[in-house]
Amino acid sequence: MVHAIRFHEAGGPEVMKWEEVEVGDPGPGEIRVKQTAAGLNFIDIYLRSGARPVPMPNGLGLEGAGKIVAVGEGVTDLAVGDRIGYADMPMGSYAEERVMPAKIAVKLPDGISDEQAAGMMLKGMTVQFLIKSCFPVEKGSTVLWHAAAGGVGLIACQWLNHLGVTVIGTVGSAEKAELAKAHGCHHTINYAEENFVERVKELTDGAGVPVVYDSVGKDTLRGSMECLQRRGYLISFGNASGAPEPVELSELSAHGSIFAARPMLFDFIAERDELLACAGDLFDVVSSGAVKIEVNQTYPMSEIIQAHKDLVARKTTGSTILMA
């Protein structure tokens, strides 16, 4: 028997339990993985709380890394002993061992540690698809990125800076502003002290930005719309502050015929070749040293309740991982 986090009803952090579970042999197209670490992400909060309903009971966690200990029939591109990382459904990365679909796992390069992988697969591939596929950024352009000192934000600041893009980032404290700057953010806005819409207009001489990447939601979405240039793109990919009020289609034209998107990573890595390309691009930029993955918080999996509380309270920066 091994242990895993399970929850039997939606709710607060206390619904998560560290339970003994049986892990069987992998079936066709599956692998069994002895996990080293799992990543902690805000989407886990949505799934645990019921904001995104899931069948019960269930495991939790979408991101992890470890070593393959068994492979099922039909698995040809992965083998026992391979180190792998992943970030996708089904949930269940908060576990010492698990059986999972082989199609969502990718081999880790020698230069990428399990801890790095657990802290970057979901966040890093999210940045990749946002800046390369959802709205391909151009060298010399300027973007607004909310929560620039968060796990996704710190990767984004480094990657965008590497691509020659000017980054305006919002943060919640002076300490987080310094952290974002140290990771390539050119201009920081502390939204606890400044009006970010006014500051963006000031920084862009009134022109606004061509794209806003917004993972905060309720507290920022409408302000984000005001920061856009004519025919700009609002990319909403999270609701850290809660779900925003519904947007009428007429509001898009009122702000200069702007475009709005609500993309999810999983739709951009649904095919095996898409996943390998996305992960490969991430591995390349990390291996080059242009993007550094910093795991700033580590918890034992058995202390998952405190980890979730700290994430919701915005006490974390960079990547947070759970050790099996």
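Read-outs: derived from the displayed coordinates by stated rules, not from any lab. Nothing here was measured: the structure is a model prediction, and the numbers come from that model. Please note: Cβ atoms are built from the backbone with ideal geometry, for glycine as well, and neighbour counts cover all protein chains shown.
Annotations for the structure displayed:
- Of the peptides 169-177, 66-74, the ranking by mean beta-carbon count within 10 Å, highest at the top, reads 169-177, 66-74.
- Here the peptides 182-189, 266-273, 115-122, 242-249 are ranked by packing, the mean other Cβ count within 10 Å, and the order with the highest first is 115-122, 182-189, 266-273, 242-249.
- Computed packing ranks the peptides 213-220, 225-232 as 213-220, 225-232, most packed first, by mean other Cβ atoms within 10 Å.
- Scanning the chain for cysteines with no neighbouring cysteine C-beta under 4.7 angstrom from their C-beta gives Cys134, Cys227, Cys278.
- Expected 222 nm ellipticity per residue - DSSP helices of 4 or more, -39500 (n - 2.57), all of the chain, to 500: -8000 deg cm²/dmol
- Spatial separation of Cα centroids for region 57-125 and region 148-194, in angstrom: 29
- The ranking of Met264, Met125 by Cβ neighbour count inside 10 Å, starting from the fewest, reads Met264, Met125.
- Pairs from the list Lys176/Lys218; Lys67/Lys123; Lys103/Lys132; Lys107/Lys176; Lys123/Lys315; Lys123/Lys218 with a Cα-Cα gap above 24 Å: Lys107/Lys176.
- Panel values: the chain, Kirkwood radius from alpha carbon pairs, Stokes-Einstein at 10 °C and 1.306 mPa s, translational diffusion coefficient 79 µm²/s.
- Eligible aspartates and glutamates near Lys34 by straight Cα distance, threshold 16 Å, same-chain separation 8 or greater: Glu20, Glu22, Asp25, Glu63, Asp82, Glu96, Glu97, Asp114, Glu115
- Value of Rg/Rh across region 139-262 [Cα atoms, Kirkwood radius]: 0.94
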